[in-house]
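**Q** Could you have a look at this structure, given as structure tokens, before my questions?
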Amino acid sequence: MRFKKLMPKRALLINTELTRLIQNSPLVKPMLEKSTQKAVENSAKLLSIAHRIMPSKVENYFVLHQVKRLSQPFMDDGEIDFLDGKVAEVEIRDIPAKWYFTKIDQQLMMLNLTEAQSISSVPDVVFSASVDALVLMASQKVDPDTLFFNRKLRISGDTELGLEIKNLFDQFDLALLDKPFRKILDVWSDELITANS
């Protein structure tokens, strides 16, 4: 009986040690680094394919879930009330994808185009960026102002609303993101910074 109780812990320890050995292997480590580099270089193409084949409900659920996790503390404090009855569009130029957000009652909502147009015929503010710029901004490793002045991030429409959203974005606690997504974001942004330095 005692042996059976120890088995899962021992199996986990062996698995962790094996993973560490493989990742630090002089043969495997360069291959992993090269794979990561290639994935980042081709991220727009890969995400464009995923965007076309993935059901929009699944994609929207994932995006909204992460945004809600980040914004919940501010929602609770009423700091997102400026979005009541407003529509913010996020455009990823190189996929291409467009997401529409608003706040209704105490809920942050993601809308399709028809729903967004029923609130406002045109979005009140539009954030437009490449995949790489969005990753750098989301990881908080590059300031949105830097991306804006380098023309990698465009904000059009109600600039005051855009600035409020941008300032809120700067305050998000990335520890609230799901751990696997946070890890991917961290590795991806580090690779982009290394490639551009």
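**Q** In segment 161-197, how many are under 14 Å from residue 143 (Cβ atoms) and under 14 Å from the mean Cα position of the chain (by Cα)?
**A** The number of residues fulfilling the criteria is 4.
**Q** Determine if segment 161-174 includes at least one residue that is in a helix (DSSP H, G or I) and closer than 26 Å to residue 50 by Cα.
**A** yes
**Q** Against the condition in contact with a helix residue (DSSP H, G or I) (Cβ under 8 Å, 6 or more places away or on another chain) and either within 20 Å of residue 41 (Cα to Cα) or of a type in the set (Asp, Glu) (or both), how does residue 160 come out, does it pass?
**A** no
**Q** Is it fair to say residue 85 is in contact (Cβ under 8 Å) with a residue 24 or more places away in the chain, in the same structural domain as residue 133 (by TED's automatic domain parsing), over 12 Å from the mean Cα position of the chain (by Cα) and farther than 13 Å from residue 169 by Cα?
**A** Here the answer is yes, as residue 85 does meet what is asked.
**Q** Under 8 Å between Cβ atoms, at least 6 apart or on separate chains: pull out the pairs that start in segment 149-173 with a residue that is surrounded by fewer than 15 Cβ atoms within 10 Å (Cβ to Cβ) and end on any residue that is polar (S, T, N, Q) and not in a strand (DSSP E or B).
**A** Taking only residues 6 or more apart or on different chains, the pairs are 170/140.
Yes or no, residue by residue, for (1) surrounded by fewer than 19 Cβ atoms within 10 Å (Cβ to Cβ); (2) under 15 Å from the mean Cα position of the chain (by Cα); (3) charged (D, E, K, R):
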{"residue": "62", "(1), (2), (3)": "yes, yes, no"}
{"residue": "98", "(1), (2), (3)": "yes, yes, yes"}
{"residue": "116", "(1), (2), (3)": "no, no, no"}
{"residue": "136", "(1), (2), (3)": "no, yes, no"}
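**Q** Go through (1) in contact with a Lys or Arg (Cβ under 9 Å, 6 or more places away or on another chain); (2) touching a residue at least 24 places away in the same chain (Cβ under 8 Å); (3) within 21 Å of residue 63 (Cα to Cα); (4) exposed (fewer than 14 other Cβ atoms within 10 Å of the Cβ) for residue 193 and report which single condition fails.
**A** (3)
The values are calculated or read from the model by the stated rules, or taken from the named source; none is laboratory data. Just so it is clear, the structure is predicted and the values come from calculations on it, not from any experiment. Positions of Cβ are backbone-derived with ideal geometry, glycine not excepted, and every protein chain shown enters the neighbour counts.
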